[in-house]
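Engineer: Mind having a look at this structure? Questions to follow.
The values are calculated or read from the model by the stated rules, or taken from the named source; none is laboratory data. Just so it is clear, the structure is predicted and the values come from calculations on it, not from any experiment. Cβ atoms come from the backbone with ideal geometry, glycine included; neighbour counts cover every protein chain shown. Each accessible area value is taken on the protein alone, full model and side chains, heavy atoms only, with ligands, DNA and RNA left out. Shrake-Rupley method; radii C 1.70, N 1.55, O 1.52, S 1.80 Å.
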Amino acid sequence: MKLILCASQQENSVPYRFTATGIQVYTFEEALYHVYHYWKQSVDDITASNLISWVSDTLGLAVLASKLKEIAKIEIFSERMLTFLGVIEYFEKSELAALKPQLERWEKRLEWETYKERADDMVKRGEPDKAIPLYHRALHFDKNIPVLNNLSVAYMQMEAYKEACIFLEQALEMEKCNWELILHYAEALLHNNRITEGAKAIELAAEVSPEAAKGDILYLRGELSLRKGKHDDAISYFEQAIALYPQDQYVFRLSDVYVGRRQFEKALDVLNHFIPDPVKERNISCLMKEAELHSLAGNLFGAIQTIKRAQKIKPDYVELWVRLARYLRLDYNLPKAEEAIDKALSLDSSNERARLESARIKKGTGHTKSYQQLLKGILAEFKGRYREVH
C-alpha cells in the first residue's frame, strides 16, 4: 500500500467555494473530491482564475497552480476534466477510467443540451438569475421549445414577465397547440397585466389541454378574476383548483386573496386547513409562506419563530437565513440580524438576496459607506449579467 501525502502541508482556514453547489473546501484534495462527484456543476470552476489563485496564494502551491493554468487551455472537455482530476496522485487510474465514458457521452451531446442541463440545475436550486445566461447560451446553438419554455419559467421566477412573454411567444410560433406552453403564456400575460390576451389564452388552453390540466385552468381563472377585482370569484376558482389538486401554489394564492383583504387570520387558516401541520413541518415553502403571513400581519415574533422551525429541517438553506435576518431587522434586532445575514453569506457569498439584506442592515446600523459600496457592487454585477444575456 502506498501512503498518499496531502498536496499542501500547511493548515488553511480560507475555503474555496464552488459556484454552482456552494460547497466549501479547504484542501486541494477536497476540491478534487468535489469535482469528481459534482463534475457537471464544476465545469466552470476547474478553469476559474479564482480557484487557481486560491491554490497558489492560499494553499501556497505555486507549481500546482501553474499546472492548472495549462490544463485550462485544453480544448477537449473530457481531456481537460480528466487531466485536472489526475493532476496529483489522488484518484486511482481505475476511478478515472470509470468516469471517462460519462464525460465523453456528455461531451458528445449537443451544446445546447449541456447548457440547458446546467441551467435547469440552477433553477431547481432556486437561482434563476444564474440560469438565465446559460439558457441564452443554449439558444445560440439551437432555438427549441424546451429551452424557450424553461427560460421563460426562469424569467417568471424572477418576476420578469415581459421577457417571459417574449420567449413563450417564440415557442408558440413553433408549436401553437402545445397546452403547457399556452398555460405558461396565459400566466405570464396575466402577470404582465395583458388581461384581455390572458383571458383568451386561458380559454384556448381549456380547449386543447388534457383532463390533467383542469386544476391549472381553474387556478388561472382565479388569477384572472383577481385582476378584474372579482375576489369572491377568485376564491371560488382557487378552492375548486385545490379540491382537484391541492398543490401549494393554489393554497398560497387563496391565502393571498385574504391578505389583500387584510384578513390575516383567515389567510393563516387557509394555510393550516389545506396543508396539515405534520405535512407542513416537512415543507419548507409552506413554513416560509406562514412566516410571510405572520410578518404581513405585523407579528414579527411569529415570523421569526416559524423561520426557526424551518431551519431545524434545513439548517443550511440560505434563503431561510436571509428571511430570518430580514424579520430581525424589521423587529429592530440589528445585532441578531447581522449574525443571521453573516451566516447566510458564509453559506453563499454570491447570493444577491443575502447581499441586499446585508446592505440594508449596514444602513440600519449607520454604516452608510458600506451600504453604498455593497449596492454599487450588486448593481455592477447585475449590469454584467444583463450584458451577457443581451
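Engineer: On the accessible surface of the range 321-366, probed at 1.4 Å, how many percent belong to carbon and sulfur atoms?
Structural biologist: Details: 1070 of 2240 Å².
That fraction is 48 percent.
Engineer: Where does each of 61-67, 302-308 land if you order them by average Cβ count within 10 Å, highest first?
Structural biologist: Those peptides, ordered most packed to least, come out 302-308, 61-67.
Engineer: Let me ask something additional. At 1.4 Å probe radius, can you tell me the per residue accessible area of the range 1-150 in Å²?
Structural biologist: Value for the range 1-150: 55 Å² per residue.
Engineer: Sticking with this structure for a sec: If you roll a 1.4 angstrom probe over the protein chains with everything in place, what fraction of the accessible area of the range 143-194 belongs to carbon and sulfur, to the nearest %? Present the calculation step by step, with values, prior to reporting the outcome.
Structural biologist: On the way: 1140 of 2370 Å².
The computed percentage sits at 48.
Engineer: Right, here's the next one. Among P15, P278, P246, which one shows the highest mean-square fluctuation when the chain is modelled as a Gaussian network with alpha-carbon springs under 10 Å?
Structural biologist: P278
Engineer: Grab the Cα-Cα distance for E117 and E211, subtract it from 0.36 nm times how many residues apart they are, and report the gain in nm with one decimal.
Structural biologist: 30.9 nm
Engineer: Any idea what log10 I(q)/I(0) is at q = 0.16, 0.19 Å⁻¹ for the range 1-130, Debye with uniform C-alpha scatterers and no solvent?
Structural biologist: Summing over Cα pairs of the range 1-130 leads to -0.85, -1.17.
Engineer: Would you mind working out the accessible area per residue for the range 175-231, using a 1.4 Å probe, and quoting it in Å²? Numbers along the way, then the final one.
Structural biologist: On the way: 2810 Å² over 57 residues.
So the range 175-231 comes to 49 Å² accessible per residue, rounded to a whole number.
Engineer: Filter the DSSP H helices in the chain by two things, a Kyte-Doolittle mean of at least -0.5 and an axial alpha-carbon span of 27 angstrom or more, and list the hits by number.
Structural biologist: For the chain, where a helix must reach 27 Å along its axis and average at least -0.5, there are no hits.
Engineer: How many nm separate the modelled label positions at K228 and D277, each set 7 Å beyond the Cα in the direction of the Cβ?
Structural biologist: 4.0 nm
Engineer: Still on this structure, I have one more. Arranged from highest to lowest average of other beta-carbon atoms within 10 Å per residue, in what order do the peptides 173-180, 36-43 appear?
Structural biologist: Taking the mean over residues of other Cβ atoms within 10 Å, the ranking is 36-43, 173-180.
Engineer: Leaving ligands, DNA and RNA out of it, rank Y33, Y250, Y317 by accessible area with a 1.4 Å probe, largest first.
Structural biologist: Y33, Y317, Y250
Engineer: Quick check: with the 1.4 Å probe, what order do D248, D348 take by accessible area, largest first?
Structural biologist: Numbers: D248 45, D348 15 Å².
Result, largest first: D248, D348.
Engineer: Counting only other residues whose beta carbon sits under 13 Å from that of A234, what net charge do I get with K and R as +1, D and E as -1?
Structural biologist: Here the count lands on +1.
Engineer: Heavy atoms only, 1.4 Å probe, whole protein assembly: order V87, V25, V208 by accessible area, highest first. Don't skip to the answer; put the middle values down first.
Structural biologist: Values: V87 25, V25 5, V208 50 Å².
The ranking, largest first, comes out as V208, V87, V25.
Engineer: About the Cα centre of the chain, how large is the charge dipole given +1 on each Lys and Arg Cβ and -1 on each Asp and Glu Cβ? Please answer in debye to the nearest 20.
Structural biologist: About 1020 debye.
Engineer: Take the chain, connect every pair of alpha-carbon atoms lying under 10 Å apart with a spring to form a Gaussian network, then pick out the residue of S225, S349, S49 with the largest mean-square fluctuation.
Structural biologist: Residue with maximal mean-square fluctuation among S225, S349, S49: S49.
Engineer: Let me ask something else about it. What is the calculated FRET efficiency for F77 to T27, with r their C-beta to C-beta distance and R₀ = 25 Å, to the nearest 0.05?
Structural biologist: Approximately 0.50, to the nearest 0.05.
Engineer: With every protein chain present, what is the per residue accessible area of the range 240-354 (1.4 Å probe, Å²)?
Structural biologist: 50 Å²
Engineer: Using a Förster radius of 35 Å, what is the FRET efficiency between E104 and R125 based on their Cβ-Cβ separation? Nearest 0.05, please.
Structural biologist: Plugging the Cβ-Cβ distance into 1/(1 + (r/R0)^6) gives 0.85.
Engineer: Oh, and also: If r is the Cβ-Cβ distance from Q170 to K200 and R0 is 25 Å, what FRET efficiency results, to the nearest 0.05?
Structural biologist: So the FRET efficiency works out to roughly 0.85.
Engineer: Enumerate the amide H contacts of G22 below 5 Å, restricted to partners 5 or more residues apart or on another chain; note that Pro and chain-start residues carry no placed amide H.
Structural biologist: Correct list: empty.
Engineer: Given the Cα-Cα distance of K40 and K308 and 0.36 nm per residue of separation, how much length would full extension add, in nm?
Structural biologist: Contour length minus Cα-Cα distance gives 93.2 nm.
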